[in-house]
There are 2 protein chains.
Amino acid sequence: MEYKIEKKMEGALGRAGVIKTSNGEIETPAFIVVGTKGSVKSLTPEQVSSIGAEAVLANTYHLYLEPGDEQVKKAGGLNKFMAWNGPTFTDSGGFQVFSLGAAMGKSVGKIATGEEIAEYTDEGNFGGKLAQIDDEGVTFKSFINGSEHRFTPESSMKIQENLGADIIFAFDECTSPMAPREYQIEAMNRTHRWAKRSLTAHLDVRRPSGYQQALFAVVQGGRFEDLRKESARVLADLEVNGTKFDGFGIGGSFVKEDMATAVKWVNEILPEDKPRHLLGIGEPLDLFLGVENGCDTFDCVAPTRLGRNGCFYTKNGRLIISNSKYREDLTPIEENCACYSCRNFTKSYIAHLFRANEMLGPTLGSIHNLYFIVNLVKKIRQSILEENFEEYKQQFFASYK
Amino acid sequence: MEYKIEKKMEGALGRAGVIKTSNGEIETPAFIVVGTKGSVKSLTPEQVSSIGAEAVLANTYHLYLEPGDEQVKKAGGLNKFMAWNGPTFTDSGGFQVFSLGAAMGKSVGKIATGEEIAEYTDEGNFGGKLAQIDDEGVTFKSFINGSEHRFTPESSMKIQENLGADIIFAFDECTSPMAPREYQIEAMNRTHRWAKRSLTAHLDVRRPSGYQQALFAVVQGGRFEDLRKESARVLADLEVNGTKFDGFGIGGSFVKEDMATAVKWVNEILPEDKPRHLLGIGEPLDLFLGVENGCDTFDCVAPTRLGRNGCFYTKNGRLIISNSKYREDLTPIEENCACYSCRNFTKSYIAHLFRANEMLGPTLGSIHNLYFIVNLVKKIRQSILEENFEEYKQQFFASYK
């Protein structure tokens with residue numbers, strides 16, 4: 001993997017660049033489409049590609065359980081397995097550790113609200129949870145059949161090597177933004193030890209095969225400025241046998257107003273010449289803040305999840321297709337949108353598909369939302385190249401409610 | 001609508017021809033893809049078109065209930081509503097009268113097995129059923145909310161005019177093949193009276209608008225040779241103000257071994273210069289029999305329904321993707337198949353999609369099955385043009401188990 005900066009923003013951390021992988025290039029900033037189980041939900045790779053998406057991120061935890069990383073390897077790796085003709089990422093499984101463990105049963109997403117956070121408890125055992133963390137790794141139960149499994153930094157690397165994505169992540173522990181400072185320190189230090197073990201394991205596996213996967217470390221530290229900065233410094237400097245990380249992920253679940261600040265703390269420290277991925281963030285306004293504060297790539301399930309459920313992005317905010325006023329609306333989801341759904345179908349038709357439980361509804365909704373988000377980030381990129389990011393941001397924020 | 005025969009088979013009723021509509025041509029024999037609610041399940045019109053499908057058949061009953069035929073009319077008609085750039089058909093609602101009435105709660109398809117037939121009862125009331133037939137029309141309850149509605153030949157024509165398909169069907173009563181002779185006679189005569197009322201109503205509505213929809217009558221008569229022949233004769237000759245039907249549907253639910261025979265009885269009588277549609281039939285072997293015995297077009301939900309449920313057509317018969325042996329099978333559903341699914345994906349991947357409940361599984365299965373059936377009928381057409389139908393049929397029957 002190579003990364004090259006094309007243009008930097010004046011007075012902010014944002015930049016436009018290019019990530020080159022052996023499976024193709026990603027022009028950054030870029031939104032990476034999520035294909036959790038090796039499929040972008042409800043879409044063919046052909047449709048994903050025609051939306052303008054350049055890369056796909058799949059989930060290590062899910063593919064390990066089903067169909068198994070060995071099976072994906074036999075199929076020629078993730079790229080060939082899912083017939084995706086472009087770069088791929090796999091996450092480390094760290095977020096699942098969080099969502100199955102401390103956050104189990106709570107609706108904690110990557111951006112938490114005050115109410116969700118208030119519920120936070122730090123139960124470090126299996127009592128009602130599906131994951132238990134210790135210093136060596138994580139023991140968890142399969143969401144499919146309850147069978148017990150174990151992830152360690154070494155096994156995460158082995159699994160991600162089998163999956164064969166172009167960009168992979170060190171095994172980390174994702175925490176709630178409301179976890180107490182004491183626990184954040186403990187988890188961060190564990191994440192750093194796991195990062196070192198991940199890098200060591202990765203060097204062991206990648207050298208003999210000759211296949212070069214890029215390995216990104218994941219910065220943690222919760223809401224605490226000193227911890228976020230420490231995590232960035234430690235991981236930026238971390239070196240095993242002369243090799244450092246190829247790039248960085250910024251992890252953790254964020255309180256909405258903290259996200260941009262936390263990202264800035266981190267990116268001011270991370271080396272400029274390596275790409276930075278903001279894990280699990282993809283709401284329109286957050287993308288502007290993430291880019292402005294120095295992130296290059298983003299992934300998020302929101303565009304497809306919302307699209308499948310009849311909630312569509314427009315430049316004026318979200319549109320809920322089940323609203324009865326759309327039953328007779330013969331205009332597209334968004335005027336002048338060039339996506340397949342808007343070029344061909346009316347709100348009235350799409351509202352009908354959702355009411356009639358036709359699978360084409362979720363497909364058209366996912367196409368529109370992904371097109372909206374992927375192309376929003378492309379336009380942000382363009383605004384950096386044309387030196388009018390701030391103007392574009394102000395204009396977008398003024399209309400998006 | 002125009003119909004032109006290009007080539008007739010020697011010693012059989014089959015023929016190759018072309019149906020011309022104002023929305024494009026259909027080269028016959030042809031399989032018409034079913035889009036019950038104005039959507040071919042799980043596929044975009046672009047995907048349906050790339051499969052090679054030339055026309056779509058939608059359901060009058062379903063579209064009347066949701067989103068309403070007036071709404072489809074406002075959208076510019078079925079073709080524009082669903083963004084289908086080709087000819088369209090709507091059925092009359094007659095089959096729903098059967099499936100909601102006499103066949104309610106039984107798994108009676110278009111081809112019945114002995115067991116299903118043994119359960120037949122002729123209950124002409126609402127006791128547990130959703131439809132009640134009288135001489136004027138049918139009263140039925142909505143499957144959506146239980147509200148009561150009424151179809152008559154006149155209202156079916158009005159609804160189908162609003163839907164605006166190129167080819168529409170006279171309102172008929174579909175019967176079980178096991179209904180007693182007495183009831184078959186009663187239902188057939190009612191179908192004939194309704195055909196006349198449909199033609200009368202259609203002349204009233206189509207002349208002022210100037211838009212010419214082709215109206216097909218539906219031949220009934222169950223398993224009885226004399227009744228099938230009588231129905232064909234009556235409908236072939238039926239004339240209102242100098243206008244006859246533009247084509248014919250062959251309706252009813254068939255006992256498997258009767259289908260070809262019944263179709264032959266009918267097509268020997270129907271005028272040669274008008275197209276004949278075999279309603280609800282689409283299994284591979286039945287398509288050969290239907291073509292050979294003089295049918296030009298076919299529709300059936302089986303390819304998409306089976307495809308959505310992981311059951312795929314191959315030249316050697318059906319393949320059930322949930323079979324554990326396919327988990328590691330890195331070959332396509334069918335070697336040398338040129339469909340999008342087989343060109344890009346392995347059985348192993350598609351098996352994974354179905355196990356993981358990924359919507360892409362049903363989509364890829366539907367693409368393969370529709371491609372298989374649509375192109376099977378295209379190959380049958382080609383064999384008629386090249387005068388080797390019998391050879392092609394023997395070869396196909398020998399391998400398809």
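If only one of B:D204, B:D226 is modelled with pLDDT under 95, acidic (D, E) and assigned by TED's automatic domain parsing to the domain that holds B:K274, which one is it? Break it down into steps so the answer makes sense when it comes.
Details: B:D226 fails: modelled with pLDDT under 95.
The unique qualifying residue is B:D204.
Considering only the stretch A:20-33, how many residues are outside any loop (DSSP other than H, G, I, E, B) and surrounded by 19 or more Cβ atoms within 10 Å (Cβ to Cβ)?
Number satisfying all stated conditions: 7.
Of all residues in the stretch B:159-181, how many are part of a helix (DSSP H, G or I) and out of contact with any Asp or Glu (no Cβ under 9 Å at 6 or more places or on another chain)?
Matching residues across the stretch B:159-181 total 1.
Within the stretch A:230-238, is there a residue that is assigned to a loop (DSSP other than H, G, I, E, B) and either out of contact with any Ser or Thr (no Cβ under 9 Å at 6 or more places or on another chain) or of a type in the set (D, E, K, R) (or both)?
Among the residues of the stretch A:230-238, at least one is assigned to a loop (DSSP other than H, G, I, E, B) and either out of contact with any Ser or Thr (no Cβ under 9 Å at 6 or more places or on another chain) or of a type in the set (D, E, K, R) (or both), which makes the answer yes.
Which residues, taken from the stretch A:336-361, are under 17 Å from B:P362 (Cα atoms) and more than 7 Å from every other protein chain (Cβ to nearest Cβ)?
A:N357, A:G361
May I ask you to list pairs of residues, at least six apart or on different chains, whose Cβ atoms are under 7 Å apart, with the first in the stretch A:163-185 being basic (K, R) and the second being surrounded by fewer than 23 Cβ atoms within 10 Å (Cβ to Cβ)?
Sorted first by the residue in the stretch A:163-185, then by its partner, the pairs are A:R181/A:F224.
When you look at B:I321, is it within 14 Å of chain A (Cβ to nearest Cβ) and either touching a Gly at 6+ places or on another chain (Cβ under 7 Å) or closer than 24 Å to B:F254 by Cβ (or both), yes or no?
It is true that B:I321 is within 14 Å of chain A (Cβ to nearest Cβ) and either touching a Gly at 6+ places or on another chain (Cβ under 7 Å) or closer than 24 Å to B:F254 by Cβ (or both).
Right, B:S42: at pLDDT 95 or above, out of contact with any helix residue (DSSP H, G or I) (no Cβ under 7 Å at 6 or more places or on another chain) and either within 12 Å of another protein chain (Cβ to nearest Cβ) or not in a helix (DSSP H, G or I) (or both) or not?
Criteria not met by B:S42.
Condition (residue is among the aliphatic types (A, V, I, L, M) and at the interface with another protein chain (Cβ under 9 Å from one of its Cβ atoms)) applied to the stretch B:295-318: is it met by at least one residue?
So far as the stretch B:295-318 goes, no, none of its residues is among the aliphatic types (A, V, I, L, M) and at the interface with another protein chain (Cβ under 9 Å from one of its Cβ atoms).
I'd like the full set of residues that are surrounded by fewer than 24 Cβ atoms within 10 Å (Cβ to Cβ), among the hydrophobic types (A, V, I, L, M, F, W, C) and outside any helix (DSSP H, G or I), limited to the stretch A:54-96.
Across the stretch A:54-96, the qualifying residues are A:A75, A:A83.
All but one of (1) within 14 Å of another protein chain (Cβ to nearest Cβ); (2) in contact with a Gly (Cβ under 8 Å, 6 or more places away or on another chain) hold for B:I333, so report the exception by its number.
Single failed check for B:I333: (2).
Looking at B:A83, is it at the interface with chain A (Cβ under 10 Å from one of its Cβ atoms), modelled with pLDDT of 95 or more and more than 19 Å from the chain's Cα centre (by Cα)?
Yes; evaluated as a whole, the condition is true for this residue.
Residue by residue, here is whether (1) on the phi < 0 side of the Ramachandran plot; (2) in the same structural domain as B:Q213 (by TED's automatic domain parsing); (3) hydroxyl-bearing (S, T, Y) holds:
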residue: B:M9; (1), (2), (3): yes, no, no
residue: B:G35; (1), (2), (3): yes, yes, no
residue: B:A58; (1), (2), (3): yes, yes, no
residue: B:L65; (1), (2), (3): yes, yes, no
residue: B:G76; (1), (2), (3): no, yes, no
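Does B:G17 meet the test of being more than 14 Å from chain A (Cβ to nearest Cβ) and assigned to a strand (DSSP E or B)?
yes
Answer yes or no as to whether B:K129 is outside any helix (DSSP H, G or I), modelled with pLDDT under 95 and among the basic types (K, R).
Against the criterion (outside any helix (DSSP H, G or I), modelled with pLDDT under 95 and among the basic types (K, R)), B:K129 qualifies.
Among the numbered criteria (1) at the interface with chain A (Cβ under 8 Å from one of its Cβ atoms); (2) touching a residue at least 60 places away in the same chain (Cβ under 8 Å), which single criterion is violated by B:G77?
The one condition B:G77 does not meet is (1).
Among (1) buried (at least 19 other Cβ atoms within 10 Å of the Cβ); (2) touching a residue at least 12 places away in the same chain (Cβ under 8 Å), which single condition is A:T331 missing?
(1)
The values are calculated or read from the model by the stated rules, or taken from the named source; none is laboratory data. Everything numeric in this text was worked out from a predicted model, so none of it was measured. Counting neighbours? That spans all protein chains shown, and the Cβs are built from the backbone with ideal geometry, glycine included.
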